[in-house]
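The values are calculated or read from the model by the stated rules, or taken from the named source; none is laboratory data. Predicted, not measured: the structure shown is a model, and the values here were computed from it. Reconstructed Cβ throughout: ideal geometry from the backbone, glycine too, with neighbour counts over all protein chains shown. Side chains included, ligands, DNA and RNA excluded: accessible areas come from the protein's heavy atoms. Shrake-Rupley method; radii C 1.70, N 1.55, O 1.52, S 1.80 Å.
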Amino acid sequence: MIKLITADQRHEARVGDWLTSHYLFSFADYYDPDNVQFGPLRAFNDDALQPHSGFPSHPHAEMEVVGIVLAGNITHTDNLGNETTLGAGHVQRMTAGSGITHTEANEGDNPARFLQLWFLPNKRGLAPSYEHMAVNFLDNKDKLTPLITGQKVLEDVAFMNSNSTVYYGRLSEGKDIDFKTFKIRKTLVYVLDGSLLVNNAEMDRYDQVRLEDQEIIHIHGAADAAFILVDVPAVEANY
């Protein structure tokens with residue numbers, strides 16, 4: 001199955017004049033019973049955070065919360081004592097586990113853009129923890145760069161407690177990438193910029209495609225493009 005979801009089908013949410021979010025799945029006050037999750041992927045938000053603003057302290061539990069900074073800076077603080085400023089090309093993972101409280105803020109003078117992905121964990125009741133890594137992936141061309149994974153075959157990548165992997169791809173016009181997968185897994189591709197042809201589905205900026213029952217994901221650069229690829233198990237949760 002190949003399901004194309006166009007940019008205008010994302011849900012847009014605005015909070016005051018400081019946050020603009022586009023939800024790929026049901027989130028906050030947006031609920032669609034047919035669009036709740038994709039395997040263990042429970043949320044995928046494309047966020048733009050204005051300068052000198054941020055999310056106030058709030059709790060999480062039983063979730064792997066992934067942040068990917070595409071532009072600007074994001075400062076993370078939590079009740080475990082972590083305080084970290086992440087720049088473009090940085091990735092963070094927060095295991096909420098039995099409970100954690102945190103803030104995310106843009107303390108800089110320029111807007112920040114970051115992606116927020118939530119995954120159901122592969123085990124409940126985990127001890128809360130935090131990890132960040134400067135992957136510096138934004139300049140990588142014509143390949144997939146793993147950003148965070150729960151698959152231990154990948155090294156030098158931030159770890160999460162989900163049998164899933166998030167990749168960043170940048171593809172030049174006319175170039176191709178083949179991603180090998182299995183019919184017991186699912187793949188989501190989200191275009192950050194440019195245009196792609198993914199298993200013959202034409203995709204433009206902010207489009208997404210969800211693929212199931214595939215063995216090869218063929219990605220062709222219809223124009224210079226940047227994208228996120230998420231590889232997940234086909235079950236709703238992976239406990």
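Tabulated data
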| item | result |
| --- | --- |
| Two-site FRET efficiency, ASP17 against ASN140, from Cβ-Cβ distance with R₀ of 30 Å, rounded to 0.05 | 0.30 |
| Entries of LYS123/LYS180; LYS152/LYS186; LYS3/LYS183; LYS3/LYS123; LYS123/LYS143; LYS3/LYS141 with Cα pairs more than 24 Å apart | LYS123/LYS180; LYS3/LYS123; LYS123/LYS143; LYS3/LYS141 |
| Sorted peptide list for 65-73, 120-128, 205-213, 105-113, criterion being average Cβ within 10 angstrom, highest first | 65-73, 205-213, 105-113, 120-128 |
| Cut-off under 5 Å, modelled amide H: who pairs with LEU192 long-range | TYR206, ALA226, PHE227, ILE228 |
| Fraction of the pair-distance distribution of the range 51-131 above 14 Å, Cα-Cα pairs, percent | 59 percent |
| Rg ratio (alpha-carbon, reference 2.2 N^0.38 Å) - the range 163-239 | 1.05 |
| Accessible area of the range 57-172 belonging to carbon and sulfur atoms, whole % at 1.4 Å probe | 46 percent |
| Equivalent ellipsoid semi-axes - Cα gyration tensor, the range 26-68, angstrom | 22, 14, 11 |
| Alpha-carbon centroid distance for the pair the range 182-234 / the range 122-155, whole angstrom | 19 Å |
| Values of log10 I(q)/I(0), in the order q = 0.10, 0.15, 0.19 Å⁻¹, for the range 86-200 under a Debye, Cα-only, solvent-free model | -0.37, -0.82, -1.22 |
| Volume in Å³ per residue [convex hull over Cα atoms, computed for the range 92-159] | 122 Å³ |
| Calculated P(r) of the range 1-142 - Cα pairs past 25 Å, % | 29 percent |
| Cα centroid of the range 99-121 to Cα centroid of the range 41-94, whole Å | 2 Å |
| Cα radius of gyration and Dmax for the chain (Å) | 16.9, 48 |
| Full-stretch length increase - ASN79, ALA7 - with 0.36 nm per residue and alpha-carbon distance subtracted | 22.3 nm |
| Charge tally in the Cβ shell below 10 Å around HIS11, where Lys, Arg are +1 and Asp, Glu are -1, HIS11 excluded | -2 |
| Per residue solvent-accessible surface (Å²) - the chain, probe of 1.4 Å | 45 Å² |
